[in-house]
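So the structure is just underneath, and the comments pick up after that.
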Amino acid sequence: MTVSPERVSPPGRVADPAEGITAEELRLAGRNHAMPLEALRDDVTPPGLHYLLTHYDMPAVDAASWRLGVSGKVAEPVELTLDELRSLPRHTVRVTLECAGNGRAALTPRPVSQPWLDGAVGTADWTGARLADVLARAVPDPDAVDVVLTGHDHGVERGVEQDYARGLPLEEALAPDVLVAYEMNGAPLPVQHGFPARVVVPGWYGMTSVKWLRSVTVVDHPFDGFQNRAYRLRQDADEEGVPVTRIEPRALLEPPGVAEFATRARFLSAGPVVLRGRAWSGWAPVDRVEVSCDDGATWTDADLGPAEHRWAWRSFTVAWVAPPGLHRLRVRAHDASGRVQPDLPPWNRGGFVNNTCQPVVVQVRPA
Ligand SMILES: Nc1nc2c(c(=O)[nH]1)N[C@H]1C(S)=C(S)[C@@H](COP(=O)(O)O)O[C@H]1N2
Ligand SMILES: [Mo]
């Protein structure tokens, strides 16, 4: 399949409302796994449980011959080895990453792509050099606008053969917590998370955190590559659309009680129980989480845990005396910018940013 990168990509498919998940979506779901929600108990997600999303194949990158090229609209193009990258000042930032498609599979009609329910999230301690320090080595020109972050992976998406590449405004790229990371939770990056080095853009949906980073190219115009055109909120395929950028607020409950294997239905004994979970937002710190134990009829403010890591999820708890019967729990996060999770899904053709508050159904057995 040879196609020119300039070719306008066909729109993604939207499933017939009655159409079940296809084998192709099942294959994607197996490769790109969610975080099991019980891992919401951890401040930092163990690497194997962190969600995963890779558009094409994972490239095998040799650390000894790896170079990071920084070029384009710069005074002095440079190539850094891994040791040179490691010799720059080292920073560790705790970051909750979330895929922009999280919640997609719950939309009707369903945009056909990676069919996430709600687990496309994870939190890690990322260690690396600041992207600002990497860029400073090359000295961007005064008229620089965007940086183009390109990975080693290459594939075909909606008819367009391409390297995985994302543009990021230079101003965002220079923010002090944006990293070229070479460690995840204190160990070299696992291959699936971008070995030997990846970008981490805290507060932004995952697509901008380019794995297997190969080059940083400074350009004097807004980059309009495939991934920047694809990640836009559109009702119709031919609309210009609104770019997907920062993470909208979301809260998730650590599933209470015990699970049934095949259905994941939850069972709980009647009596006092502490409901726990995590909430995050890329726009502003989470400042309120509400929990409803009667499907949204009444809401109680949860107690919030410490907020010491700006870019990581915040824990919350709420006490509940569970009465026997079937109950729909709901949880919703607010952030300091005034954003709050909606009750109804915000539909768009790509199935992005569905942060509707998710119901959790529990069957409470008499004590
Ligand atoms: N090179 C490259 N970087 C990439 C991707 C990719 O396919 N290739 N996927 C992006 C998307 S869409 C997401 S959500 C995050 C997922 O990061 P993770 O797999 O480490 O959780 O990586 C981003 N970076
Ligand atoms: Mo993603």
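Given a cut-off of under 8 Å on Cα pairs at least six residues apart, what relative contact order in percent is computed for the chain?
On the way: 924 pairs, mean separation 65.6, N = 367.
About 18 percent, as a whole number.
Would you mind putting 295-303, 326-334 in packing order, based on average other-beta-carbon counts within 10 Å, highest first? Walk me through the intermediate numbers first.
On the way: 295-303: 13.4, 326-334: 20.9.
Answer by packing, highest mean first, reads 326-334, 295-303.
So if I take the centroid of the Cα atoms in the range 296-367 and the same for the range 255-292, what is the distance between those two points in Å?
7
Using 7 Å Cα-to-Cβ label points, what is the residue 300/residue 175 separation (nm, one decimal)?
So the two model labels end up 3.5 nm from each other.
Using 0.36 nm per residue, how much length does the chain from residue 263 to residue 143 gain when fully extended, once their Cα-Cα distance is taken away?
Taking residue 263 through residue 143 to full extension adds about 37.6 nm, to one decimal.
Mind ranking 276-282, 135-141 by how tightly packed they are, going by the mean number of other C-beta atoms within 10 angstrom, highest first?
Descending packing order for the listed peptides: 276-282, 135-141.
First check a/c for the range 169-261, with a ≥ b ≥ c the square roots of the eigenvalues of its C-alpha gyration tensor; if it is under 1.5, answer rounded, and if not, answer prolate when a/b is larger than b/c or oblate otherwise. If you can, show how the numbers build up before the last one.
Values: a/c = 2.10, a/b = 1.17, b/c = 1.79.
It is oblate, given that a/c is not under 1.5 and a/b is not larger than b/c.
Using just the Cα positions, wrap the range 250-365 in a convex hull and report its mean projected area in square nanometres, one decimal place.
On the way: hull surface 32.4 nm².
So the Cα hull casts an average projection of 8.1 nm².
Sum up the charges of everything whose Cβ sits under 11 Å from the Cβ of residue 75, counting Lys and Arg as +1 and Asp and Glu as -1, but leave residue 75 out. Could the numbers behind the result be given before it?
Numbers: positive: 73, 137; negative: 76, 141.
Counting the neighbours of residue 75, the net charge comes to 0.
In Å and whole numbers, how far do the C-alpha atoms of the chain stretch along each principal axis, longest first?
70, 45, 36
Quick note: the coordinates plus some simple rules give every number you see, no bench work behind them. Note that the structure is predicted; figures quoted are calculated from it, not measured. Neighbour counts are summed over all protein chains in view; Cβ atoms, including those assigned to glycine, are modelled from backbone coordinates with ideal geometry.
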